[in-house]
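Since the structure comes first, as structure tokens, the remarks are kept for the end.
The values are calculated or read from the model by the stated rules, or taken from the named source; none is laboratory data. Values in this document were obtained by computation on a predicted structure and should not be read as measured data. Note that we place each Cβ from the backbone using ideal geometry, even for glycine, and neighbour counts take in every protein chain shown. Side chains are part of the model used for accessible areas, which takes the heavy atoms of the whole protein and leaves out ligands, DNA and RNA. Shrake-Rupley method; radii C 1.70, N 1.55, O 1.52, S 1.80 Å.
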Amino acid sequence: MILEKEGKFVLQTENSAYAFDVLPTGHLEHLYYGARLDFDDDLREFEVLKPKREFGPGNTISYDEEHFSFAEEDTCFEISAWGKGDLRSPFVSIIHHDGSTTCDFLYESHLVSKGKPVRKTLPGSYDENDNCETLRITLKDRSYDVRLDLYYVVFEDKDVIARFADLTNAGEEEIRVERLLSFQLDLFDSDYEAVFFSGAWAREMQSYRTGISNGMHISRSNTGTSSSRANPFFMIARENTDENIGECFGFNLIYSGNHMEITDANSFGKVRIQSGINDEAFSFTLKKDEVFEAPEAIMSFSDSGFNLLSRRMHEFVRENIVRGEWKKKERPVLLNSWEAAYFNFDENKLVKLAKKAAEVGIELFVMDDGWFGERNDDLTSLGDWKVNTKKIPGGLKGLADRINKQGLSFGIWVEPEMVNVKSRLYEAHPDWCLANPNTPHSEGRHQRILDLTKKEVRDYIIESMSEVFSSANIEYVKWDMNRILSDIYSEGTPSSKMGEITHRYVLGLYEIMGELTKRFPKILFEGCSSGGNRFDLGILCFFPQIWASDNTDPICRSEIQQGLSYGYPLSAIGAHVSASPNHQTLRKTPMKTRAAVASFACFGYECNLNDFSKEEIDEIKKEIALYKAYRNVMQFGTFYRGGKGPAKTLSPSSASVLSNPSGYGNITEWTAVSKDKGTAVGMMLKKLALPNTQNTFYRPKGLKEDAKYVFVNKELEYDIRDFGDLVNTVAPIHLKQNSLLLDIVAKKIKLPSEKENYVASGKFLCTSGVRLCQDYAGTGYNENVRYAQDFSAKMYIMEEILNK
């Protein structure tokens, strides 16, 4: 709901309120964002919120003689700029035709409308039923013919407000835009902490929590992508906020390129929060009547901790970002060929792998890199999207038909934005790369980036991909991008416009993805960029899921997926079970753990099933059957984290793992609850076994208070070899370690896991938690003891007991 009266504006959702007004000078002053406040029709309560000014602070700039007590440095604004005394980070920065950098945007008009306007160049959120409302505030620069339109879109039932801005050059002379951000939130006190998510390849989404009461903090990407280095999602929270208690704000950017998130605390105790396009090496020239669109940002508020904030973000992404055929459709269990074969495969090898996949219950077979051109390594053929008939004699159609006969859908890997120098495409069009022909070029993964600012390049990608996708029964596409930008240069582009290249690249990408998803609406597209190097809402506007990380180690993945869960729903996250030892860490982990972690996402496998033992294959069958039984809950249910919230350190050390048993410490605890709250699936992951610790609680969340539930664990079997020489304390004969006799006995005798089986109300379970069977602590073991070694995971099922 949007309320407005005489220059006062209130944006209300079901549980939050956002208020600002127009000052006598024409500036927009921010007054409040937080828990919902109810206002009278005349908005008289604004007098309670408005700062009182009689005299300006010392050693500051007064706006003018008429408003001598008004100092921009000590004011909370909706937008800001340099030149009139505000010393904090600006929302907009322009170099005018006369060289001046001063901007002074003042209120001109406003419009409230039903629904949401569609952007011309950028993707954004949407409302299928047009139940949202939009407030447009038009500001005009006091001295120059430049207009700034601010948009506020209220999704009342989602507790989300979307923000974006358009800048228009209404003058005769060119202007150069040096910065235009997507949103600004000025808070009256700086007693907050910021939670950013940083990382690297194979270490994505590591939370970093820091105080912001002094100075400026910037989390940013300058890789040309949203990047694994700094995800655009971030949070602001009071110091003691945890998963279930405390005030916090969440922000995200619907953009896939360079971005920055800023907190800037000033000497008056106020803090400015901003997000938008990273202005490093950025500039954008606007001629008369040209418009620059800033990406859309979304924000939400919670007064009950991070879990509530995440649930609001998840629902919004599922309902108002993701779209198309797969928006609410359950995702198939897949097998990806990459870690099973890398480049070393042929058609028969793939079909053999697919046959084993069908046997265990997998539904989709994906052929990864290596199927086109002369692609037997990563040195060649990117850009040459013709099937290698030496490897695949039957072509894509022949292979797809053979895969389909196994009862599986068929999918492929592509990397359309890239080209190898060793390729026919590069030989024909070296000028199609982002590269300066007059200087040495630095490459990543032996490949270069195609210049998506050029129409002919975009047309080539669209048509070549259309030819591939229509050549066979292709039902899934993994869209990769395996390097970041360097040597940014576009042949034929004027030097004055080189600062536009990175943004125009993203716009070109959106055009390509938009056209291909329109042509092939039934294909399930999964985004990927060296893993999670482009995990953002911009991609999710086109592709319903994104590969979270090339690191499939379940211990690392638990942290990566937990980090993602703060801003992204499980249905957007791709996760696979891989081999042990893991290919990225060489860590050995139980199959049970790998499956448990990957199942809280869009689930699949990435390993050579033909090398697995019968016991392992039988276990995989059980894992897949369990996932299918609860797939809807795992993908689309309401998600809750246990523990205390984001870690205080960037990379927890072994010491902090032991001393901080929170979601990022030794225990990771997840629960997914069905929409009707009738079913829940939980997981507890233990990184390290601690000696002489016997008691463990699992704390469910989100159940119906007055309903009765049966709580059970997923019963497992354990290999006696895991107990080492201890087997000889109970064995009638001596079993030598690593002996053939021990191997034979281990095949015949399995140790059953503990059995958890309780009946209690949802309120009882969620309030008290479940005290689980005693952990093994070195003093004895039987069928009532939890075997929870290093890297172990347990899964729990809660089903409502329905009265018949």
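At 7 Å along the Cα-to-beta-carbon direction for both Asn214 and Ser471, put a label point, then send me their distance in nm to one decimal.
Rounded to a tenth, the inter-label distance reads 6.1 nm.
Given +1 on the Cβ of Lys and Arg, -1 on the Cβ of Asp and Glu, and no further charges, what dipole in debye does region 87-199 carry about its Cα centre, rounded to the nearest 20? Don't skip to the end; give the middle numbers.
Details: 13 positive and 22 negative charges, 48 e Å.
Its charge dipole is roughly 240 debye.
Going highest first, how would you order 246-252, 595-601, 12-18, 762-768 by mean Cβ packing within 10 Å?
595-601, 246-252, 12-18, 762-768
With no solvent and one equal point scatterer per Cα, compute the Debye intensity ratio I(q)/I(0) for region 1-137 at 0.10, 0.17, 0.19, 0.20 Å⁻¹ and report its log10, rounded to two decimals.
Scattering profile of region 1-137, log10 relative to I(0): -0.42, -1.09, -1.24, -1.30.
Rounded to the nearest whole Å², what accessible area per residue is found for the chain with the 1.4 Å probe?
About 38 Å² of surface per residue is accessible.
Region 734-804: which GluC sites (Glu not before Pro) are DSSP loop and have at most 10 other beta-carbon atoms within 10 angstrom?
Here the GluC sites (Glu not before Pro) that fit, given the DSSP loop and packing criteria, are Glu783.
Over the alpha carbons of region 1-55, what is the largest minus smallest coordinate on each principal axis, giving the biggest first in Å?
Rounded to whole Å, the extents work out to 37, 19, 17 Å.
If the limit is 19 Å between Cα atoms, which of Lys675/Lys763; Lys455/Lys478; Lys328/Lys675 go over it? It would help to have the intermediate numbers written out before the result.
Numbers: Lys675/Lys763 17 Å; Lys455/Lys478 24 Å; Lys328/Lys675 13 Å.
Where the Cα-Cα span goes over 19 Å, the pairs concerned are Lys455/Lys478.
Per-residue HN-Hα couplings for region 193-206, Karplus 6.51 cos²θ - 1.76 cosθ + 1.60 at θ = phi - 60°, whole Hz, x for Gly and Pro?
After applying 6.51 cos²θ - 1.76 cosθ + 1.60, I find 10, 9, 10, 9, 10, 10, x, 6, 4, 6, 9, 6, 6, 8 Hz.
Note down the magnitude of the dipole of region 695-745 about its Cα centre, charges +1 on Lys and Arg C-beta and -1 on Asp and Glu C-beta and zero elsewhere, to the nearest 20 debye. It would help to have the intermediate numbers written out before the result.
Details: 7 positive and 8 negative charges, 55 e Å.
Its charge dipole is roughly 260 debye.
Grab the Cα-Cα distance for Asn782 and Asp743, subtract it from 0.36 nm times how many residues apart they are, and report the gain in nm with one decimal.
Stretched fully, the Asn782-Asp743 segment lengthens by 11.9 nm.
Please give the FRET efficiency for Ser100 paired with Glu128, using the beta carbon to beta carbon distance and R0 = 35 Å, rounded to the nearest 0.05.
It comes out at approximately 0.20.
At 0.36 nm per residue, minus the direct Cα-Cα distance, what do Asp611 and Phe343 gain on full extension? Give it in nm, one decimal, please.
94.7 nm
How much of the accessible area of region 184-316, probe 1.4 Å, is carbon plus sulfur, in whole percent?
After summing per-atom areas, the C and S share lands at 45 percent.
In a Debye calculation with equal point scatterers on the alpha-carbon sites of region 506-644 and no solvent, what is log10 I(q)/I(0) at q = 0.13, 0.14, 0.22 Å⁻¹?
Scattering profile of region 506-644, log10 relative to I(0): -0.61, -0.70, -1.37.
Radius of gyration and Dmax for region 429-535's Cα atoms, expressed in Å?
Taking only Cα atoms of region 429-535, I get Rg and Dmax of 14.8, 46 Å.
Could you order the peptides 228-239, 672-683 from most to least packed, using the average number of other C-beta atoms within 10 Å per residue? Spell out each step's value before the answer.
Working: 228-239: 23.5, 672-683: 20.1.
Going from most to least packed, we get 228-239, 672-683.
Taking the dipole about the Cα centre of the chain, with the C-beta of Lys and Arg at +1 and of Asp and Glu at -1, give me whichever of Ala35, Ser739, Ser470 is farthest to the positive side.
The listed residue farthest towards the positive side: Ser739.
Sorted from largest to smallest, which semi-axis lengths in Å does the alpha carbon gyration tensor of region 211-346 give for its equivalent ellipsoid, taking the root of 5 times each eigenvalue?
31, 25, 17
Counting only helical runs of four or more DSSP H residues, what would the 222 nm mean residue ellipticity of the chain come to if each run contributes -39,500 (n - 2.57) and the total is spread over all its residues? It would help to have the intermediate numbers written out before the result.
Working: 16 runs with 156 residues, N = 804.
Theoretical 222 nm ellipticity from helices: -5500 deg cm²/dmol.
So how exposed is Met498, as accessible area in Å² (1.4 Å probe, rounded to 10)?
Approximately 40 Å² for this residue.
Please express the shape of region 321-410 as an equivalent ellipsoid: the semi-axes are the square roots of 5 times the eigenvalues of the C-alpha gyration tensor, given largest first in whole angstrom.
23, 18, 12
Calculate log10 I(q)/I(0) of the chain for q = 0.05, 0.06, 0.07, 0.11 Å⁻¹, where I(q) comes from the Debye formula with a single equal point scatterer on each Cα and nothing for solvent.
-0.29, -0.41, -0.56, -1.27
Please list the equivalent ellipsoid semi-axes of region 490-571, computed as the square roots of five times the alpha-carbon gyration tensor eigenvalues, in descending order and whole angstrom.
29, 18, 10
Of Lys352/Lys390; Lys686/Lys750; Lys644/Lys677; Lys701/Lys794, which sit over 19 Å apart, Cα to Cα?
Lys686/Lys750; Lys644/Lys677
Between Glu4 and Asp459, what's the calculated FRET efficiency when r is the beta-carbon distance and R0 is 45 Å? Round to 0.05.
For R0 = 45 Å, the calculated efficiency reads 0.50.
Using only Cα atoms, what is the ratio of the radius of gyration of region 99-201 to 2.2 N^0.38 Å?
1.31
If the viscosity is 0.890 mPa s and the temperature 25 °C, what Stokes-Einstein diffusion coefficient in µm²/s follows for region 253-295 when Rh is the Kirkwood radius over Cα pairs?
My calculation gives 194 µm²/s for D.
Please compute the volume of the convex hull spanned by the alpha-carbon atoms of region 52-97 and report it per residue in Å³.
97 Å³
What number does region 661-804 give for Rg over Rh if you use C-alpha atoms and the Kirkwood radius? Mind showing how you got there, number by number?
Details: Rg = 17.8 Å, Rh = 16.9 Å.
My calculation of the ratio gives 1.05.
Sort 489-497, 115-123 for me by packing, meaning the mean count of neighbouring Cβ atoms within 10 Å per residue, highest on top.
Going by the mean number of other Cβ atoms within 10 Å, highest first, we get 115-123, 489-497.
In region 228-347, if the dipole is taken from +1 on Lys/Arg beta carbons and -1 on Asp/Glu beta carbons about the Cα centre, which of Asn231, His259, Asn320 is farthest to the positive end?
Asn320
If r is the Cβ-Cβ distance from Lys750 to Ala35 and R0 is 51 Å, what FRET efficiency results, to the nearest 0.05? Working shown, then result.
On the way: r = 54 Å, r/R0 = 1.05.
About 0.40, to the nearest 0.05.
Any idea what the dipole of the chain comes to, in debye rounded to 20, about its Cα centre with Lys/Arg Cβ at +1 and Asp/Glu Cβ at -1?
Dipole about the Cα centre, nearest 20: 3640 debye.
Please list, in chain and number order, the residues 5+ apart from Thr102 or on another chain whose amide H is under 5 Å from its amide H, with Hs placed from the backbone.
HN-HN under 5 Å from Thr102: empty list.
Just for the Cα atoms in region 199-269, what are the lengths along the principal axes, largest first, rounded to whole Å?
So the three principal-axis extents are 34, 31, 21 Å.
Measure off, as a whole percent, the carbon and sulfur share of the 1.4 Å-probe accessible area of region 410-553, all protein chains present. Spell out each step's value before the answer.
Values: 2330 of 4700 Å².
Ligands and nucleic acids excluded, carbon and sulfur give 50 percent.
Which residue, chosen from Tyr787, Thr138, Ser198, occupies the Cα position most advanced towards the positive end of the dipole of the chain, where the dipole is computed from +1 (Lys, Arg) and -1 (Asp, Glu) charges on Cβ about the Cα centre?
After comparing all options, I get Tyr787.
I'd like the carbon and sulfur percentage of the solvent accessible area for region 9-144, probe radius 1.4 Å, heavy atoms only, ligands and nucleic acids excluded.
Carbon with sulfur: 48 percent of the solvent-accessible area.
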